[in-house]
Amino acid sequence: MPIELTAENFENEVLRSDKPVLVDFWAAWCGPCRMLSPVVDEVAEENPGIKVGKVNVDEQGQLAMQFGIMSIPTLMLFRNGKNVDTSVGVVPKAEILKMINK
């Protein structure tokens, strides 16, 4: 299951993670986010080698600003504390897997 990410735990869970981390920036009112969410959950369950977290941009505006999130859903992949790939909008599961396996 994805981890709920906040300003308090982001550094520990994402930036200091020894595994790649897929971060889903979303909001409850966002229709496309609700479409993407089950796909992200599936990716989390099927790929134990990565960590998956979700940032609610309404509750964590500071994180959204820090990473320049302009539209949601936005997926960001972090490796060794650095954002190595970003995807905006609803994307198929295959695209997310391709991003992870690069």
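Accessible surface for the chain, divided over its residues, is 55 Å² per residue with a 1.4 Å probe.
Taking the Cβ-Cβ separation of residue 65 and residue 19 as r and a Förster radius of 22 Å, what is the calculated FRET efficiency to the nearest 0.05? With a Förster radius of 22 Å, E is 0.30.
Of the peptides 78-91, 22-35, the order by per-residue mean of other Cβ atoms within 10 Å, starting with the highest, comes out as 22-35, 78-91.
For percent of Cα pairs over 24 Å apart, the candidate list reads (1) 25; (2) 40; (3) 11; the entry that matches the value derived from this model is (3). The simple spin-label model puts a point 7 Å past each Cα toward its Cβ; for residue 35 and residue 8 those points are separated by 3.5 nm.
The values are calculated or read from the model by the stated rules, or taken from the named source; none is laboratory data. Note that this is a predicted model, so its numbers are computed, not measured. Note that we place each Cβ from the backbone using ideal geometry, even for glycine, and neighbour counts take in every protein chain shown. Protein only, heavy atoms only, side chains kept; ligands, DNA and RNA dropped before computing areas. Shrake-Rupley method; radii C 1.70, N 1.55, O 1.52, S 1.80 Å.
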